[in-house]
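The numbers here are math on the coordinates, done by the rules we state, and not lab data. Computed from a predicted structure; not experimentally measured.
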Amino acid sequence: MAWREDRELLRDAALVCGADALVGASFGAIAVGAGLPVWAPVLLSVVVFGGASQFLLVGLLAAGSPVVSAVLACLLVNARHLPYGFAIGDALGSGWARRLVGSHLLVDETVVFALARRPSGRHRAAFWVCGVGLFVCWNLGVLAGAYAGATVPDTDAFGLDAAFPAVLIALILPALRDAPTRRGALAGAALAVGTAPVLPAGLPVVLAPLGLIAGLRGRTGRIRRSSPARHPSPHTAADLGAHCVDEPGPDAGSRSSEGGR
Amino acid sequence: MIGTPALLVATAVLGVGTYACRAAGPLLRSRVTLPASVERLTTRAAVALLAAVAATGTLIVGHHFAGPARLVGVSVGALLAWRRTPFAVVVVAAAVTTALLRAAGVS
């Protein structure tokens, strides 16, 4: 069982790493094409290791934005890593070295890989396999792209921009079986999309946890409706007591029999 | 477009600031044991953030609609994921759908 899960993990992580390497190559090429020296995107990728903020920084600098406001905008984009660290910090393992090194590997992909495998207790392996693989592949991709320059094709032609959201959606789906989590996620996503046209980049996503308020309100509303204890709902107890990613939903049996992911 | 010292400082500030965001949680967690209720809340917050990253990544480029090709590709992937299709198929199907639409002239 564990062996099969490990093989699945390696295969899934390799796929994401491969896609990220191609996006990294595209980033390196775009950065050099925008007039930056070859070392700049390479150093940026090693030191920052955050794709969205790296693309934004190069885009803003190329557009002539002042350096200070460009860096502030990128910090805003990376602010989401703060709540990530509190949510999945246990996946790094114990000990200072693991925490200090692992912190640098906290990105969307490693967080979602670890969250998806927390119910099976494999979240540490998932975090480190995905994190180390991504760090190596992303930086090699950027290096290759920076040197290859204009010969790197536009990754949008391969649809890689659609692959990344699909990765996240596939891996958060099991957690969405928990009703408050699902309400919070849907409200947070709606809030981010709704505000994206008017707010500066990064801020809409950071607002998403406010969607949890919608989840809480939905939950208390449900309790109130069923509170006279005429029909003690089995769902209410589950909502209050269950861990949000391992609540056994109505179809939990069929999913776990597949080995899960 | 920008001098080497400014570029180095920008990289350093962004790197340190980003690392501080990332390290705060893991380092503080080693000092305190989070109650189950807080643990649940932080997990829900992370899922909401990831959902928001996925949603804006599907729909928005800059401040505008990303175009139908990406939306359709991600939707195909999401539908397959919901139908419990293996992860690799979900990801490849999303990319291939979008790539084919673009090849057909849909942006």
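Observations, loosely collected:
- Separation of the range A:56-71 from the range A:192-206 is 18 Å, based on Cα centroids.
- Equivalent ellipsoid semi-axes - Cα gyration tensor, chain B, angstrom: 34, 26, 12
- The fraction of all Cα pairs in the range B:48-100 landing in successive 5 Å bins from 0 to the largest distance is 5, 22, 26, 26, 16, 5, 1, given as whole percents.
- For chain B, the longest principal axis of the Cα atoms and the long axis of helix B:87-103 meet at an angle of about 60 degrees.
- Estimated Rh, the range A:82-209: Kirkwood, alpha-carbon pairs, angstrom: 16.6
- Span from the the range A:119-147 Cα centroid across to the the range B:1-77 one, whole angstrom: 16
- Nearest-ten-degree value, helix B:36-59 long axis tilted from longest Cα axis of chain B: 40
- Stokes-Einstein diffusion coefficient of the protein assembly as shown, Kirkwood radius over Cα pairs, 20 °C, 1.002 mPa s, in µm²/s: 102
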